[in-house]
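Since the structure comes first, as structure tokens, the remarks are kept for the end.
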Amino acid sequence: MIQKNATKRFSTKLRVRYSETDKMGFCYYGNYAQYFEVARVETLRELGIVYKNLEENGILLPVTEFHVRYKHAARYDDLLEIRTIISKLQGTRITFQYEVWNEEGVLLNDAETTLVFVDAKSMKPIPIPTFVLNRIQHEQS
């Protein structure tokens, strides 16, 4: 769960589409990985770090860890708010924490992903680029 004293929080809203629900009418659990990706990309964009530009500059960010705890189900047409923070920057890695809330203010799940910065040519981990560190640290101060 996102800590109360955490750094800057970001918010992304998504609506559960019919095609994302299962036979029980719940948002299929596997969709949350995509929801977290949207939130992560938009968080970085808000900081001035655009995934597309990273890739164009030979930097990839594969997910190396993904943890999620489901508490309540989302349903078709629910408007979800995904609250995101960057919780850790260390070496070659960046870690994001997420909370998904519905319109009634119910926490549906919380999650964490860790990604590693990788050189696109060598496919080897690289240190977090200076411009990325500067953007994130500037926002957190």
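The values are calculated or read from the model by the stated rules, or taken from the named source; none is laboratory data. Treat the numbers as computed from the prediction; the structure is a model and nothing was measured. So basically every Cβ, Gly included, is an ideal-geometry build from the backbone, and we count neighbours across all protein chains shown.
Restricting to region 106-131, name every residue that is closer than 12 Å to residue 93 by Cβ and among the aromatic types (Phe, Trp, Tyr). Scanning region 106-131 gives a single hit, 117.
Taken together, the residues in region 47-69 that are surrounded by 14 or more Cβ atoms within 10 Å (Cβ to Cβ) and over 18 Å from residue 117 (Cα atoms) amount to 1.
Take region 111-141 and flag every residue that is part of a helix (DSSP H, G or I) and of a type in the set (Ser, Thr, Tyr). If the condition is that a residue be part of a helix (DSSP H, G or I) and of a type in the set (Ser, Thr, Tyr), then 130 is the only one that fits. Within the option set 54, 61, being within 14 Å of the chain's Cα centre (by Cα), modelled with pLDDT of 95 or more and under 24 Å from residue 139 (Cα atoms) holds for one residue only, 61.
Examine region 117-139 for a residue that is surrounded by 13 or more Cβ atoms within 10 Å (Cβ to Cβ) and of a type in the set (Ser, Thr, Tyr), and state whether such a residue exists. Within region 117-139 (the criterion being surrounded by 13 or more Cβ atoms within 10 Å (Cβ to Cβ) and of a type in the set (Ser, Thr, Tyr)), the answer is no, since none of the residues qualifies. When 22, 77, 110 are screened for being exposed (fewer than 12 other Cβ atoms within 10 Å of the Cβ) and acidic (Asp, Glu), only 77 passes.
Restricting attention to region 40-78, which residues are of a type in the set (Ser, Thr, Tyr) and in contact with a Pro (Cβ under 9 Å, 6 or more places away or on another chain)? Let's see the steps before the verdict.
Keep residues of region 40-78 that are of a type in the set (Ser, Thr, Tyr), which gives 43, 51, 64, 70, 76.
Across region 40-78, there are no qualifying residues.
The residues of region 84-97 that are surrounded by 19 or more Cβ atoms within 10 Å (Cβ to Cβ), touching a Lys or Arg at 6+ places or on another chain (Cβ under 7 Å) and not hydrophobic (A, V, I, L, M, F, W, C) amount to a single one, 84. Cβ-Cβ distances below 6 Å connect the following pairs, each with a first residue in region 23-45 that is over 16 Å from residue 87 (Cα atoms), a second residue that is surrounded by fewer than 17 Cβ atoms within 10 Å (Cβ to Cβ) and among the charged types (D, E, K, R), and a separation of six or more residues or different chains: 25/75; 28/22.
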